[in-house]
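First comes the structure, then the notes that go with it.
The values are calculated or read from the model by the stated rules, or taken from the named source; none is laboratory data. The shown structure was predicted, so the numbers you read here are calculated from the model rather than taken from an experiment. Don't worry about glycine lacking a Cβ; one is built from the backbone with ideal geometry, like all the others, and counts go over all protein chains shown.
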Amino acid sequence: MGEQMEILLATSNPGKIKEIKKILSPYGLKLLTLEQFPPLKAPAETGKDFAENARIKAGFYAEKMAKPALADDSGLEVDYLGGGPGIYSSRFAGPEASDAERNQKLLSLLKGVPFPRRRAAFVCVAVLIFPGGKELKTEGRLEGYIATRPMGNEGFGYDPVFFLPEYKKTTAQLGQEKNRISHRFRAFKAMGELISREKS
């Protein structure tokens, strides 16, 4: 077994860092966080899709820190809204809006829309960029529907309105089970497998 591969997690979101570290723990990586480095102003996410935004973040930190950097971008795509809110998921109801306000806006846009037409997916794209530009990319999706009202207290973001027919629950009602099926889990588990093949 060679030296542990060092990878910088290109996010300052503590919840996300904890989740990613847990998902990648079986892969024998040394995961660094931005706190361990001098502060840098994060790059503007000006991409047209999740992959471009993840690439902007990973590329910026890989170059500045001269280390492999791993970033992701994720959001909610609703068929009825033509794939929206997509990359604007967190800014959907305005930059200062709360999760509850975003959920209310989404529900109001889907008011009266029958259940079969409320299909949606949580999408996460993870991108790892090495100094020198080499790139690995993975994607995770969780398919479901938008509920007619918020249900459940777990999770965050759109979890209270994201309904999974096979569980008859929203992702905010799933508890720990959510972490084993989430879009982020799927994207980062696939990334862990790719990195393992890269190292061997």
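Per-structure values
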quantity: Every residue from segment 88-131 that is touching a residue at least 24 places away in the same chain (Cβ under 8 Å), of a type outside the set (A, V, I, L, M) and over 19 Å from ASP49 (Cα atoms); calculated: ASP99, ARG102, ASN103, PHE115, ARG117, ARG118, ARG119, PHE130, PRO131
quantity: Complete set of residues in segment 161-186 that are of a type in the set (A, V, I, L, M) and part of a helix (DSSP H, G or I); calculated: VAL161, ALA172, ILE181
quantity: All positions within segment 136-160 that are in contact (Cβ under 8 Å) with a residue 40 or more places away in the chain, in a strand (DSSP E or B) and charged (D, E, K, R); calculated: LYS137, GLU139, ARG141
quantity: Residue match in segment 166-182 (condition: aromatic (Phe, Trp, Tyr) and within 18 Å of LYS21 (Cβ to Cβ)); calculated: no
quantity: Filter result for the condition that a residue is more than 24 Å from LYS21 (Cα to Cα) and buried (at least 17 other Cβ atoms within 10 Å of the Cβ), over GLY86, GLY112; calculated: GLY86
quantity: Residue identified as buried (at least 23 other Cβ atoms within 10 Å of the Cβ) and either at pLDDT below 95 or not in a strand (DSSP E or B) (or both) among ALA62, ALA100; calculated: ALA62
quantity: The lone exception for LYS57 - which of (1) of a type in the set (Lys, Arg); (2) buried (at least 16 other Cβ atoms within 10 Å of the Cβ); (3) not in a helix (DSSP H, G or I) it fails; calculated: (3)
quantity: Failed item, numbered, when ALA93 is tested on (1) farther than 22 Å from GLU19 by Cβ; (2) assigned to a strand (DSSP E or B); calculated: (2)
quantity: Residue list for segment 162-200, filter: among the hydroxyl-bearing types (Ser, Thr, Tyr), under 23 Å from ARG117 (Cβ atoms) and out of contact with any helix residue (DSSP H, G or I) (no Cβ under 6 Å at 6 or more places or on another chain); calculated: TYR167
quantity: Residue that is of a type in the set (Asp, Glu) and either touching a strand residue (DSSP E or B) at 6+ places or on another chain (Cβ under 6 Å) or more than 30 Å from PRO150 (Cβ to Cβ) (or both), where the choices are GLU45, GLU101, GLU63, GLU19; calculated: GLU63
quantity: Number of the exception - PRO131 against (1) part of a loop (DSSP other than H, G, I, E, B); (2) under 18 Å from the mean Cα position of the chain (by Cα); calculated: (2)
quantity: Extreme residue, surrounded by the fewest Cβ atoms within 10 Å (Cβ to Cβ), among residues of segment 17-48 that are of a type in the set (D, E, K, R) and either in contact (Cβ under 8 Å) with a residue 40 or more places away in the chain or touching a helix residue (DSSP H, G or I) at 6+ places or on another chain (Cβ under 8 Å) (or both); calculated: LYS22
quantity: Only listed residue being touching a His at 6+ places or on another chain (Cβ under 6 Å) and buried (at least 16 other Cβ atoms within 10 Å of the Cβ), chosen from LEU142, LEU174, LEU164; calculated: LEU142
quantity: Selection status of LYS189, of a type in the set (D, E, K, R) and at positive phi; calculated: no
quantity: Filter result for SER12 (under 30 Å from LEU164 (Cα atoms), among the hydroxyl-bearing types (Ser, Thr, Tyr) and modelled with pLDDT of 95 or more); calculated: no
